[in-house]
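Written out below as structure tokens is the structure these notes cover.
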Number of protein chains: 2
Amino acid sequence: MSRIKKIDDQELLTRLFQLFREYGFDGTSLTQLAEVSGLKKASLYHRFPGGKEQMAEEVLAYTHQWIEDAIVGPIQNTHSPSRKVKVFSNEIAQLYDDGKKSCLLNMLLSATQSGSSFTQSIRAAMKLLLDALQNIAEGAGFTGKEAGIRAEQVLVEVQGALVVSRGLGSAAPFKRMLKRLPGILLGDE
Amino acid sequence: MSRIKKIDDQELLTRLFQLFREYGFDGTSLTQLAEVSGLKKASLYHRFPGGKEQMAEEVLAYTHQWIEDAIVGPIQNTHSPSRKVKVFSNEIAQLYDDGKKSCLLNMLLSATQSGSSFTQSIRAAMKLLLDALQNIAEGAGFTGKEAGIRAEQVLVEVQGALVVSRGLGSAAPFKRMLKRLPGILLGDE
DNA sequence: GTCTATAATATGATAGAC
DNA sequence: GTCTATCATATTATAGAC
């Protein structure tokens with residue numbers, strides 16, 4: 001009971017991710033992080049010598065990877081623009097549990113330690129999403145510039161719908177937002 | 001130097017508001033709250049016997065009042081729908097400093113203590129905003145139901161633009177969002 | 001109404017055994 | 001790689017003087 005990992009890196013990051021995205025950086029304590037991971041604090045420090053800040057950074061890196069694997073890749077491998085929109089919608093509906101769960105990027109944006117490296121990672125993740133969305137709009141016939149603006153509008157709608165749905169305690173705004181996405185990205189208003 | 005207030009209630013709440021909206025509930029400490037208010041911790045507890053939680057609650061109540069005074073009222077006293085949109089846009093552009101500052105409602109949505117009364121106040125504030133926005137859309141000729149949906153979309157766009165603008169470190173998404181508002185509320189797409 | 005002083009607890013973090 | 005035990009500090013909060 002010592003030289004083998006009680007929990008593998010991916011499962012560990014998944015658990016930490018869930019805490020950070022629910023309570024944010026300052027709202028999440030080491031005690032909580034230890035509880036959900038099934039590890040003692042000292043063991044967490046063995047895995048993350050940089051402490052809580054490193055945990056959040058790695059969770060952000062993990063999220064970046066998730067965007068590439070679940071969004072960017074599948075969209076690239078899909079030909080029809082309208083099916084690309086479906087791929088995107090389905091993935092975020094699952095990730096955010098139909099608007100009931102919040103976005104890690106928004107939650108970590110508030111962090112007190114935010115002066116550090118979170119800012120970069122959040123920006124990079126958003127840009128990754130914007131690129132994928134712009135790809136869709138360009139496939140639908142929009143010029144690069146116009147496609148970029150529509151991609152931005154979609155990211156705005158997604159983030160906003162998450163805030164409003166949680167604020168109102170209703171999944172309805174998130175679901176209505178999903179219905180607007182094809183019109184924005186494919187231009188069929 | 002004892003029986004008179006060093007800082008009046010309104011100015012005090014304004015200072016606390018700025019802290020909570022920048023760092024959120026868990027990210028804001030009593031030390032910080034004491035610093036910005038110019039009061040010692042014990043004095044803060046004299047003004048807010050319920051401690052930090054009461055401070056946040058009263059800041060939320062103060063925000064509710066602000067919405068009524070700066071948004072709901074002026075919109076009711078404006079006749080042209082297109083001018084109502086301008087009133088709304090100008091007020092939020094100022095409140096959020098063109099997208100550089102975050103929304104208190106979003107920040108307190110994350111609070112650990114959120115199980116308590118924040119949830120209600122946040123919901124009430126959002127509903128107040130939705131009513132004002134729906135008023136605009138109805139004035140522009142939309143039916144109650146359609147006006148409600150457009151009001152919701154505007155709230156979503158505002159909240160989302162704040163997240164994206166802060167995430168990307170650019171005011172551009174917020175400004176582009178402002179330009180979309182007339183089209184959504186007045187229907188001139 | 002504000003202050004100094006202090007308490008009680010929680011927090012992020014480390015030392016060292018196994 | 002994980003654990004128990006512990007530390008130093010920061011946090012929320014209170015007592016009591018002026």
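Each value in this text was obtained by applying a stated rule to the coordinates, not by laboratory testing. This structure is a prediction, so every number in the text was calculated from the model and none was measured. Backbone-built Cβ (ideal geometry, glycine too); neighbour counts: all protein chains shown.
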Query raised in the report: Can you list the HN-Hα couplings for region A:162-176, worked out from phi with the Karplus curve (6.51, -1.76, 1.60; θ = phi - 60°), rounded to whole Hz and with x for Gly and Pro?
Result: 5, 5, 5, 4, 5, x, 8, x, 9, 7, 4, x, 5, 5, 5
Requested in this report: Name the residue farthest towards the positive end of the dipole of the protein assembly as shown from the options A:Leu185, A:Ala151, B:Gly167, assuming +1 on Cβ of Lys and Arg, -1 on Cβ of Asp and Glu, about the Cα centre.
Outcome: B:Gly167
Query raised in the report: For A:Lys101, which aspartates and glutamates qualify as cross-link partners when the Cα separation must be under 13 Å and same-chain residues fewer than eight apart are set aside?
Result: A:Glu22
Query - Three semi-axes of the equivalent ellipsoid, the protein assembly as shown, Cα gyration tensor, whole Å, largest first - result: 33, 32, 15
Report summary line: Sorted largest first, the Cα spans of region A:60-141 on the principal axes come out in Å as 43, 25, 19
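What dipole magnitude, in Debye to the nearest 20, does region B:1-96 give about its Cα centre under +1 on Lys/Arg Cβ and -1 on Asp/Glu Cβ? Write out the running numbers ahead of the final one.
On the way: 12 positive and 12 negative charges, 49 e Å.
Charge dipole of region B:1-96: 240 debye, to the nearest 20.
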Query raised in the report: What are the semi-axes of the equivalent ellipsoid of chain B, taken as the square roots of 5 times the eigenvalues of the Cα gyration tensor, listed largest first and rounded to whole Å?
Result: 33, 17, 15
Report summary line: In Å³ per residue, the alpha-carbon convex hull of region A:109-164 encloses 74
Query raised in the report: Going down the table (A:Lys145/B:Lys179; B:Lys52/B:Lys127; A:Lys86/B:Lys175; B:Lys5/B:Lys41; A:Lys179/B:Lys86), which pairs top 18 Å between alpha carbons?
Result: B:Lys52/B:Lys127; A:Lys86/B:Lys175; A:Lys179/B:Lys86
Report summary line: Residues whose built amide H sits under 5 Å from the amide H of A:Lys101, excluding neighbours closer than 5 in sequence, are none
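Return the Rg/Rh value of region A:1-46, two decimal places, where both radii are evaluated on C-alpha atoms and Rh is the Kirkwood radius.
Ratio of gyration radius to Kirkwood radius: 0.98.
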